[in-house]
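The values are calculated or read from the model by the stated rules, or taken from the named source; none is laboratory data. Owing to the predicted nature of the structure, the values given are computational and were not obtained by experimental measurement. Don't worry about glycine lacking a Cβ; one is built from the backbone with ideal geometry, like all the others, and counts go over all protein chains shown. The area values use the complete protein model at the heavy-atom level, side chains included, leaving out ligands, DNA and RNA. Shrake-Rupley method; radii C 1.70, N 1.55, O 1.52, S 1.80 Å.
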Amino acid sequence: MFCTQCGKELSDDVSFCPNCGTKVLKHEADPDEDVRLETNPLVGSDQSKSTENLEMAQIVGKNAEYYLAEFHKIESHQKPRFNWAAFLLNIAFCFYRKCGFLFKKYFLIPIILYFATSALFYFGILSLNMTVTIAGGILFIFTSIFLLVNGIRFGKNFNKEYYEHCKAVTRASQCGVSIKGIVLTYVVILAVSVLVSIATGAVALNSINSLIEDSYVDNSNATNLYDNPDYPPDFSYEDPAESDYIPDGETIAPDASDRSYNDDENSDAVEDSTPISKTWANWHSDAYMEIDLTLTYYPDSGSYDVYLTFLDNDGMPSGGLGFDALTDGDDTYALLFNQNTTDATGYSGYEFTFYDYGNGLAELVCYSDDPYLSALAGSYELI
């Protein structure tokens with residue numbers, strides 16, 4: 001006998017067609033009567049359902065058993081399970097299951113904000129800007145929370161979204177899974193992270209360089225020792241060899257007739273061992289501070305020294321510089337830096353020469369590129 005549904009030849013002892021599942025009914029009343037086949041009305045719908053499941057399994061590809069069960073729940077209006085793979089792999093899972101539209105829906109805006117806020121945070125750190133660092137850190141935290149929330153939503157809704165995707169598949173390229181999609185996703189994320197880091201570092205370095213350039217003070221434009229806006233002063237220098245003020249005396253020791261003494265000025269005699277001092281004031285210096293210059297002769301050793309005293313607005317000493325002096329006998333003194341009379345150290349590349357013209361005028365000349373030392377040069381008047 002043959003199956004009336006599919007035409008397959010059947011043996012006499014079967015109750016169902018092994019090919020299509022049609023039930024075989026036998027009539028005992030008439031053994032010679034041809035076997036009459038009765039088709040189960042549910043068999044057609046089951047067969048159609050089986051074909052649909054087979055097509056869906058081909059679309060899903062890997063792990064089809066799990067998704068077919070979830071799709072059955074969705075069709076039955078039941079709640080599908082949370083997809084942990086979708087939650088953990090999030091962005092990569094979109095491209096693994098060939099659902100790029102889900103990336104745009106759940107992750108495009110969060111990932112843009114993630115890179116932007118992380119770049120702002122790292123820029124603040126690299127540029128040592130605390131305000132930008134704090135602001136970038138706060139925004140980065142909120143963006144990370146936003147990305148996490150969307151990842152949870154993605155894991156919760158993926159099975160339903162994927163079911164709709166599988167129903168709408170029209171091309172074979174949309175079926176199955178793609179390992180290449182996962183690899184490319186992580187490669188792109190890594191590349192974007194590197195580019196953002198390089199760009200952020202470059203911008204931060206440029207910002208630091210700008211701050212350094214803004215704070216740099218060129219010595220060639222610096223003011224003098226007392227921040228005089230008119231620095232450098234125009235000191236007129238007259239060669240002592242041609243000056244009318246050069247005394248013609250040969251005496252090395254200061255002449256008591258025109259010098260002020262540290263001891264009693266009216267004394268008729270000064271002991272040979274008593275140092276003799278003479279002080280001039282520099283009226284050509286910065287208006288904020290005067291400079292007093294004292295030349296002292298030590299009879300015991302026959303040596304000289306010069307000390308410059310800086311006076312503040314109240315006329316009180318506020319510091320000074322001391323020099324040992326060598327004379328050529330014409331009241332011209334070469335000044336050597338005296339480490340014993342000042343706390344200032346490390347000066348080099350300078351040359352001081354002091355001229356005592358003998359009529360109450362003196363001049364200090366400095367050959368130096370140092371603006372602080374050069375500011376001491378000028379004409380001095382006897383106090």
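The single condition among (1) part of a loop (DSSP other than H, G, I, E, B); (2) among the charged types (D, E, K, R); (3) modelled with pLDDT of 65 or more that Asp32 does not meet is (3). Residues in the range 163-171 include none that are basic (Lys, Arg), open to solvent by 90 Å² or more (accessible area, probe 1.4 Å) and in contact (Cβ under 8 Å) with a residue 60 or more places away in the chain. Within the range 180-208, residues that are over 14 Å from Phe93 (Cα atoms) reach partners that are open to solvent by less than 50 Å² (accessible area, probe 1.4 Å) and not in a helix (DSSP H, G or I) with beta carbons closer than 7 Å, at six or more positions or on different chains, in the pairs Ala204/Ser127; Ser207/Ser127; Ile208/Ser127. Here Gln78 fulfils each of the conditions (1) without any contact (Cβ under 8 Å) to a residue 24 or more places away in the chain; (2) under 30 Å from Asn209 (Cα atoms); (3) surrounded by fewer than 19 Cβ atoms within 10 Å (Cβ to Cβ) apart from (2). If you check Leu382, Leu321, Leu311, which single one turns out to be in contact with a helix residue (DSSP H, G or I) (Cβ under 9 Å, 6 or more places away or on another chain), at pLDDT below 85 and of a type in the set (A, V, I, L, M)? Result: Leu321 is the single residue among Leu382, Leu321, Leu311 that is in contact with a helix residue (DSSP H, G or I) (Cβ under 9 Å, 6 or more places away or on another chain), at pLDDT below 85 and of a type in the set (A, V, I, L, M). Among the candidates Phe146, Phe154, the residue that is in contact with a Phe, Trp or Tyr (Cβ under 7 Å, 6 or more places away or on another chain) and not β-branched (Val, Ile, Thr) is uniquely Phe154. Selection of the range 147-203 for residues being closer than 24 Å to Glu75 by Cα, basic (Lys, Arg) and not in a loop (DSSP other than H, G, I, E, B) yields Arg153, Lys156, Lys160, Lys167.
Scanning the range 329-357 for residues that are modelled with pLDDT of 80 or more and out of contact with any Asp or Glu (no Cβ under 9 Å at 6 or more places or on another chain) yields a total of 2.
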